[in-house]
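J.: Dropping a structure here in structure tokens format, bear with me for questions.
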Amino acid sequence: EATIAPALEQCSDDKGINFVTHSLGGILVRHYLSNHEIQNLERVVMLGPPNQGSEVVDKMKSFPGFHFINGDAGMQLGTGELSIPNQLGKAEFDVGIVAGTKSINWILSWIIPSTDDGKVSVERTKLEGMNDHIEMKVTHPFMMKNDEVIAQVVHYLKNGTFKR
């Protein structure tokens with residue numbers, strides 16, 4: 001909130017606002033939008049968001065150092081119904097989601113029960129009310145630098161759908 005509000009103040013009222021987020025950033029935007037209305041909001045694209053939490057947090061939160069590495073916010077990204085992502089409800093805005101299907105972290109992928117990007121399962125990226133969802137062969141930590149992902153983000157922002 002402390003970052004989004006000042007950034008929005010710098011935007012022209014006659015231009016549309018779009019967000020492109022990665023991971024926890026998607027949850028932060030969902031939280032912001034659940035408490036604030038942006039009149040000229042156009043689209044949101046989320047890359048690898050734990051929209052339904054992540055099993056990694058469920059299994060690893062009690063391990064030494066997990067809290068230190070992931071902070072208070074990371075500790076709230078479990079899959080339980082009381083986790084922050086699961087309390088935010090459905091999308092009431094135009095959102096497209098990119099889910100990764102490739103992992104470079106076999107230990108965390110072992111914890112996650114289905115196809116994942118090394119941090120979040122494809123299924124847990126999904127959000128009720130989403131406009132589009134696409135799976136891409138990319139890893140969680142590097143998806144935002146992938147040329148094909150970037151092209152999909154641009155396509156979604158222009159068209160409201162991913163390119164198939």
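FYI, it's all coordinate maths here, none of it is from the lab. Because the structure is predicted, anything quoted here is derived from the model rather than measured. No Cβ is skipped: glycine too gets one built from the backbone with ideal geometry, and neighbour counts run over all protein chains shown.
J.: Please specify each residue of the range 27-53 satisfying the condition of being within 19 Å of Met144 (Cα to Cα), in contact (Cβ under 8 Å) with a residue 60 or more places away in the chain and not basic (Lys, Arg).
T.: Scanning the range 27-53 gives Ile27, Val45, Met46, Leu47, Gly48, Pro49, Pro50, Asn51.
J.: What pairs can you find where one residue is in the range 57-84 and among the basic types (Lys, Arg), the other is in a helix (DSSP H, G or I), and their Cβ atoms are less than 8 Å apart, with a gap of 6+ or different chains?
T.: Qualifying pairs under 8 Å: Lys59/Ile111; Lys61/His67; Lys61/Met75.
J.: Hey, among the residues in the range 47-104 that are part of a loop (DSSP other than H, G, I, E, B) and of a type in the set (A, V, I, L, M, F, W, C), which one's farthest from Val154 (Cα to Cα)?
T.: Taking the range 47-104 and keeping what is part of a loop (DSSP other than H, G, I, E, B), we get 48-50, 52, 54, 61-65, 76-83, 88-94, 101-104.
The next check asks that each one be of a type in the set (A, V, I, L, M, F, W, C); those that pass are 63, 77, 82, 88, 91, 93, 104.
Details: Phe63: 39, Leu77: 28, Leu82: 34, Leu88: 26, Ala91: 20, Phe93: 18, Ile104: 26 Å.
Among residues in the range 47-104 that are part of a loop (DSSP other than H, G, I, E, B) and of a type in the set (A, V, I, L, M, F, W, C), the one farthest from Val154 (Cα to Cα) is Phe63.
J.: Could you please give the count of residues in the range 109-164 that are surrounded by fewer than 18 Cβ atoms within 10 Å (Cβ to Cβ), touching a residue at least 12 places away in the same chain (Cβ under 8 Å) and polar (S, T, N, Q)?
T.: The total comes to 3.
J.: Which residue is surrounded by the most Cβ atoms within 10 Å (Cβ to Cβ), if the candidates are limited to the range 1-23 and must be touching a His at 6+ places or on another chain (Cβ under 9 Å) and in a loop (DSSP other than H, G, I, E, B)?
T.: Ser23
J.: Being within 18 Å of Glu128 (Cβ to Cβ) and not aliphatic (A, V, I, L, M) is the requirement here; does Pro50 meet it? Step through it out loud before you land on a result.
T.: On the way: within 18 Å of Glu128 (Cβ to Cβ): yes; not aliphatic (A, V, I, L, M): yes.
Considered against the rule, which asks whether it is within 18 Å of Glu128 (Cβ to Cβ) and not aliphatic (A, V, I, L, M), Pro50 comes out as yes.
J.: Let me confirm something: among Gly26, Gly78, Gly74, which residue is within 10 Å of the chain's Cα centre (by Cα) and crowded, with 18+ Cβ neighbours inside 10 Å?
T.: Of Gly26, Gly78, Gly74, the one residue that is within 10 Å of the chain's Cα centre (by Cα) and crowded, with 18+ Cβ neighbours inside 10 Å is Gly26.
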